Amino acid sequence: NRTALPSAVLGATSLHRDHVENNVRQTVLITGVGRSGTGVLCKVFQEVGLNISHDNDKDCGPYPGSDGAVSWYDAFRGPRQYDTVLHLVRDPLSVILSRSSTLLSSPGTIHFLRNTISRGGEKFSSKLQVNDTDSVVAMATKHWVRRNSFVEAYAEWRERTEDLTTDPLALWQFCMASYFGERCPPPSKWKAARQKVLSHYTNSVEQRFKHA
């Protein structure tokens, strides 16, 4: 829970906000654990006209987006603070397998992830090797639990990635939970945006396999 979080972590996070000035919500951070579908969700938001960014200037429009971000580590790199925090959760096995795969192929990611596992992260020492599959899976599992537990203490709303990619109404509700109000298009618009983004993503994956 929130009281168990180290003060250093609280002070370093964009999720730590005492109040919203004048009760006006302007920016949202949709966050959770890396490999939860933040990139796809960002593109869906962009498709309906909301200026939501991802982790950088390359993946999904200019960073930072004027309306907010869909990013797992934007909660920790500051100094930007957000008015609203929403929680994105994907099936743990899918996330852990995906994260483990990226860790095994990227030693730099292991170092970065080790530094984002608070309270006990020192268990994964510099002795961890990229071919140590058991340790990598353990790190990815711990990362999933700790990051989701951390965000849970701040988030006002939670949605499953699986629902957001299949149900346009869930996307509309997520938009409304972001306090965008009248700027949230009807579910039919979300359905069209979702289909366009997922179709493009599927085609891109197929092209990569074709030329591999």
Requested in this report: Would you tally the residues in the stretch 47-73 being open to solvent by 10 Å² or more (accessible area, probe 1.4 Å) and not in a loop (DSSP other than H, G, I, E, B)?
Outcome: 1
Query raised in the report: List pairs: first in the stretch 60-85 and more than 22 Å from residue 176 (Cβ to Cβ) and modelled with pLDDT of 80 or more, second open to solvent by 30 Å² or more (accessible area, probe 1.4 Å) and not basic (Lys, Arg), Cβ under 6 Å, 6+ apart or cross-chain?
Result: 63/56; 63/57
Query raised in the report: surrounded by fewer than 17 Cβ atoms within 10 Å (Cβ to Cβ) and hydrophobic (A, V, I, L, M, F, W, C) - does that describe any residue in the stretch 184-191?
Result: no
Report summary line: Filtering the stretch 24-43 down to residues that are closer than 15 Å to residue 159 by Cα and assigned to a helix (DSSP H, G or I) yields 38, 40, 41, 42
Query raised in the report: Which one of these does residue 103 not meet: (1) modelled with pLDDT under 85; (2) open to solvent by 20 Å² or more (accessible area, probe 1.4 Å); (3) assigned to a helix (DSSP H, G or I)?
Result: (2)
Query raised in the report: Among the candidates 156, 206, 162, which residue alone is open to solvent by 70 Å² or more (accessible area, probe 1.4 Å) and modelled with pLDDT of 80 or more?
Result: 156
Query raised in the report: Which pairs have Cβ atoms under 7 Å, sit 6 or more apart or on different chains, and link a residue in the stretch 16-33 that is open to solvent by 10 Å² or more (accessible area, probe 1.4 Å) to one that is at pLDDT 85 or above and not in a loop (DSSP other than H, G, I, E, B)?
Result: 25/84; 27/68
Query raised in the report: Looking at residue 177, is it open to solvent by 30 Å² or more (accessible area, probe 1.4 Å) and among the aliphatic types (A, V, I, L, M)?
Result: no
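The values are calculated or read from the model by the stated rules, or taken from the named source; none is laboratory data. Computed from a predicted structure; not experimentally measured. Here Cβ is always computed from backbone atoms with ideal geometry, including for glycine, and neighbour counts include all displayed protein chains. Accessible surface is based on the protein model in full, side chains and every heavy atom, while ligands, DNA and RNA are left aside. Shrake-Rupley method; radii C 1.70, N 1.55, O 1.52, S 1.80 Å.
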